[in-house]
Each structure stands twice: as structure tokens, then as C-alpha cells.
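Below is one structure; the comments refer to it alone.
Just so it is clear, none of the values below were taken in a lab; they were calculated from the coordinates. Remember, predicted model here, so these are calculated numbers, not experimental data. Here Cβ is always computed from backbone atoms with ideal geometry, including for glycine, and neighbour counts include all displayed protein chains.
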Amino acid sequence: MLEQLAVVLDALPYILQGALVTLGIVGGAMSLGLVMGIPMAVGLVYGPRFVRFILGIYVWFFRGVPILTLMFLFYFGIFDLLGLNLSALSATAIVLGMTSAAYQSQIFRGSIEALPQGQLKASRALGMSDMQGVCSIILPQALRLSIPGWSNEFSIILKDSALAYVVGAMDMFTRTHFVASRTYEHLTLFITAGAIYFIITMVGVKLLLTLEKKVRIPGYTT
Amino acid sequence: MATPILQMQNICKTLSGKEILRSVSLDINRGELKVLIGPSGAGKSTFLQCINYLLTPEHGQIVLEGNIVDTASKKELYSYRQQVGMIFQDFNLFDHLTALDNVAIALRKVKGMSKKEALDIAHKELDRVGLSDKGNLYPAELSGGQKQRVAIARALAMEPKVLLLDEPTSALDPELVGEVLSVIRDLAKEGLTMIMATHQMDFARALADEIVFMQQGEIIERGSPASLLKEGSGTRTADFCNKLSDMCEEID
């Protein structure tokens, strides 16, 4: 027992460094997903037919193909073909981010469509352009409604980030696996890693819940 | 006689295959209040939305102060809409903004005012509709009548030349109708040009310069309240109003 504890304690700094890498991947992927997902959602709701069609294909593709397949396809295939020399870490973040964009676009689309569209009409009636109406009236409300869905997406991406292993990025999972194969303490080490994933999820979800409460509109219920 | 401030000429509109407006024309002079009445489905709301180009008519044109509005130019369209305000039946306030910010946002985004300038005007406009103490409340914290008054303040802040009102009291509880009508009455007395769809016949009788009766996408009758609503005048308008008041009596 003490022996196992010693192994874990010994490996902990190394694994925790991996946790930072994992957080980096999640942060990058969520941000990329957000930056792509918002305009995609706007395009899916308000865009002309051909824009909706193209975005539909994008969403269909990234939701339809397993992430593991996408990782191989992009890291060993498409990025190479494009002559991009990406590190395993950024490749993972980008593939997860592009996948997340597909899911996030659906989260935001749902929120936009849940809003009473009369508000956009009212903004037009005041002389605002559609762009101004969407950016200053629709999105601030839609993003508030999206926080619960976004918190889901965060917990999913966090766990998907372990796929970094297959391209050799040194995230928490890969590092834990390295230590385990050297020390044969799989059980304790993966319990440790699992606990850290669990704590990160809990903290992240709690933070998003706090944010949700903080930006709640007084008196507003849907 | 001076040119009408706003002229709608032969407006036609079809919505999902159904002809809603059949070549409707209407002129309004500065300072006039015209009241649109008619059964639901008559096209009143569609007509008002076409006037503001929230719906684009298939045919017809709109002339503001002698100039044909060219909707092909986005810039001209946006500037036209600033000059023709719109009040909706269900208020359409911006739910995430306080009453003050609801009024201020278009001043900032459209007129490019600073935050301070915009809020100063917002304070004044809320005061004008009797809501100076509600500025920091959100729409969900206001009553229906208060919401509609904020909506009116929001439209007035843009200093519109014409204000369109689409059944502004229809979504309100009966006891809240009065406070909104009294604001509109004040505006009429101040000489704001308005076109209003409503079922409030007493209001129309007292304040309208002209009543315009619409049915099945056409203007059937028009004239002063006195001539249209006179007892025994035999007009469709009088008939419709009698039906309205009969209905009220039955309910009472």
C-alpha cells in the first residue's frame, strides 16, 4: 500500500503537468469551437440557403465521424497534405475544436431559435442592421441560454482530450500511461488520473454554473 | 395643401400564397392620427409592417416627405426605418436590457451617440411616458402596460416623423389599457403623426382624424369618426363597431 502511494506521489508532479497540457487542449478546443460555433449558428438560423447547406454538411461530417478517426485523418492525412507541421498538442486541440464547433453551433442554434424573434424585428424597426440586431440583441441572450449546454460540451471535450494519446501529445492520460507501463501500478495511477479528471470537471461545471447565475436576467424565466 | 408626410401607394403583399394586401394606398399628413380598424385577418398588421418595410411589399411604393424610399439601398432603408417608428402588440422589448438600456441601445448603435448622451435621452423619454422610476428594471420586472410604455419611449427616442402602432393595447390586461392609451393621447396632442391599428373605438372616436376600415386586404371605408360612426349611418364601420360593443356587453 505504502509502495503504491510512493509511486503515485512520485509521479504526481509529472501527471499534474499533464493536467495542465490537458487543460490547454480543452481551452484551445473550446475557444476554437466557440469562435467557429457562434457564426455558424447565426449562419444556420439566418443565412441564405446555400450557407445553411454548407454548414449543414460541416456539422453532419464532424458529428458523424468518430473523433479517433478524425484525429488520424487530420494529423496523418489532411494536415500533412496541407504542409502544416503541427505539434501533436495543437493538432489535438484543433481537431477537437473543429468537432466541438459542430456541436456548439447546434447549442447556439437552439438558443437563438428559442428566443422570441420579435426582438429582432424591433431592432430592425429602430433602424439597426441585421448584423447589429444579431450581435447586440440576439447573441447576448442566446449565449446566456447556452451556458448549460456549453457546460455539457466542456465535460465531454475534457474527456475526449485523452485521445491526444494516439498522436503522442503529452497530456495527462499519456503521461499516466507512461508511468503505469514503467511501474506496473495501473490501478492506483489511473484512479489518480480519473480523480483529477473528475475534479477538473466538477470545478469547471461549478464555475459555469456560477457564471450562469451571475449573468441571469432579473425576473426572467422562460 | 402641403404634401403628405407619408404616402403608401398601391401596396400589395402576398404571404405564403395568400393575398393579404390588395393594392392599398393611404396618405397621411403631418400631425394626423389615422386609426386602422377591421376584423382580424383584414391585413392591418401586415399593412403596418409593410409601411416600415419589416415586410417587403411585392408592389407599390412608399414616399416619405416627397421622396420615394429606395429599399435597394440598405443605408437608405435603415435611415427610413429610423424615421418611422413602430410599436408592436407584444412589446418586443429587449429582454436582457434594463428599461433605460432598451431606450438607449439604438441611440448608441444607430445614431452613434456616446453612452452618456444616450442615457440622458433615455431618462427624458422614460420620464415622458411616466416611468422615470423604473429605468433600472428589466422587462420581466415590468407590467404589460409599463413594458408597452417603455417600447413607446424607445421608439420616441429615435425622434420618428411617423409612429406606427400595431394594436398596442391588445395584449394588455383591461386595467392596464388606460395608462398606455393616455400616453398615446398625449402624443397625439403634441402633434405626432401616427397610424394606429386598434379595437379601442372610444379612443378612435375621440382622437382620430380619420378612421380607415380594412377588410380582406382592402380599404373599404374611410372618413372622419363623426361621419363613419354616426348612429344610423349604415356604414360597414358603424356595423363593425356595433358588433364589437355587442360582444362586450354579452361578456359583461
- Farthest positive-ward along the protein assembly as shown dipole, Cα basis, beta-carbon charges - from A:8, A:137, A:84: A:84
- Item | DSSP H segments from chain B that extend 18 Å or more along their own axis, Cα-based, with Kyte-Doolittle mean of -0.5 or above | B:144-157, B:174-190, B:236-251
- Which aspartates and glutamates have a Cα less than 13 Å from the Cα of residue B:115, not counting those fewer than 8 places away in the same chain? B:101
- Note on the structure: Long-range alpha-carbon pairs in chain B, meaning those over 23 Å apart, account in percent for 52 percent
- Query: Residue by residue through the stretch A:102-108, which ³J(HN,Hα) values in whole Hz follow from phi under the Karplus form 6.51 cos²θ - 1.76 cosθ + 1.60 (θ = phi - 60°), with glycine and proline marked x?
  - Reply: 4, 6, 4, 4, 6, 4, 5
- Item | Relative contact order computed over chain B (Cα-Cα under 8 Å; 6+ residues apart), in percent | 25 percent
- Note on the structure: In degrees, nearest 10, the alpha-carbon axis of helix A:49-64 is tilted away from the dominant principal axis of the alpha carbons of chain A by 20 degrees
- Message: Can you give me the angle between helix A:139-160 and the longest principal axis of chain A, using Cα atoms only, in degrees from 0 to 90, rounded to the nearest 10?
- Response: 20 degrees
- Note on the structure: Answer in debye to the nearest 20: the dipole magnitude of the protein assembly as shown about its Cα centre, from +1 Lys/Arg and -1 Asp/Glu charges placed on Cβ, is 1080 debye
- Which of B:39, B:176, B:64, positive extreme of dipole for the protein assembly as shown (C-beta unit charges): B:64
- Task: Give the residue from B:244, A:93, B:49 lying farthest towards the positive end of the charge dipole for the protein assembly as shown; charges sit on Cβ (+1 for Lys and Arg, -1 for Asp and Glu) and the dipole is referred to the Cα centre.
- Result: A:93
- Over chain A, what relative contact order in percent results from Cα pairs under 8 Å that are six or more residues apart? 30 percent
- Listed by chain and number, the residues whose amide H is under 5 Å from that of residue A:217, excluding neighbours fewer than 5 places away on the same chain and using placed H, are none
- Note on the structure: The set of residues whose placed amide H lies less than 5 Å from the amide H of residue B:196, leaving out same-chain residues fewer than 5 positions away, is B:34, B:35, B:36, B:165
- Query: Just counting partner chain Cβ atoms within 10 Å, what average do the residues of peptide B:136-145 show around their Cβ?
  - Reply: 2
- Item | the stretch A:23-36 - phi-based ³J(HN,Hα) in whole Hz, Karplus 6.51/-1.76/1.60, Gly and Pro as x | 4, x, 4, 5, x, x, 5, 4, 5, 4, x, 5, 4, 7
- Note on the structure: 1/(1 + (r/R0)^6) with r = Cβ-Cβ of residue A:53 and residue A:82, R0 = 22 Å, i.e. FRET efficiency to nearest 0.05, evaluates to 0.35
- When the Kirkwood hydrodynamic radius is evaluated over all pairs of different C-alpha atoms of the protein assembly as shown, what value in angstrom, to one decimal, is obtained? 26.2 Å
- With charges only on Cβ, +1 for K and R and -1 for D and E, what is the dipole size of the stretch A:90-222 about its Cα centre, in debye, rounded to 20? 360 debye
- Order of A:101-112, B:180-191 by packing, highest average Cβ count within 10 Å first? A:101-112, B:180-191
- In square nanometres and to one decimal, what's the mean projected area of the convex hull around the Cα atoms of the stretch B:104-233? 9.6 nm²
- Positive minus negative residues near residue A:183 (Lys, Arg vs Asp, Glu; Cβ under 15 Å): -1
- Message: Using a 7 Å offset from the Cα along the Cα-to-Cβ direction at both residue B:127 and residue B:175, what is the distance between the two label points in nm, to one decimal?
- Response: 3.0 nm
- Message: For a Förster distance of 30 Å, can you work out the FRET efficiency between the beta-carbons of residue B:226 and residue B:40, rounded to the nearest 0.05?
- Response: 0.70
- Where chymotrypsin sites (Phe, Trp or Tyr not before Pro) fall in DSSP loop in the stretch A:151-184, at most 12 other Cβ within 10 Å: A:184
- Message: With an 8 Å Cα cut-off and a minimum separation of 6 or more residues, compute the relative contact order for the stretch B:27-144 in percent.
- Response: 18 percent
- Item | Quarter of Cα convex hull surface for chain A, i.e. mean projection, nm² | 15.2 nm²
- For chain A, compute the number of Lys pairs whose alpha carbons are separated by less than 27 Å, excluding pairs fewer than 8 positions apart on the same chain. 4
- Item | Packing-based ranking, highest mean first, of A:188-198, B:13-23 given that Cβ atoms within 10 Å are counted | A:188-198, B:13-23
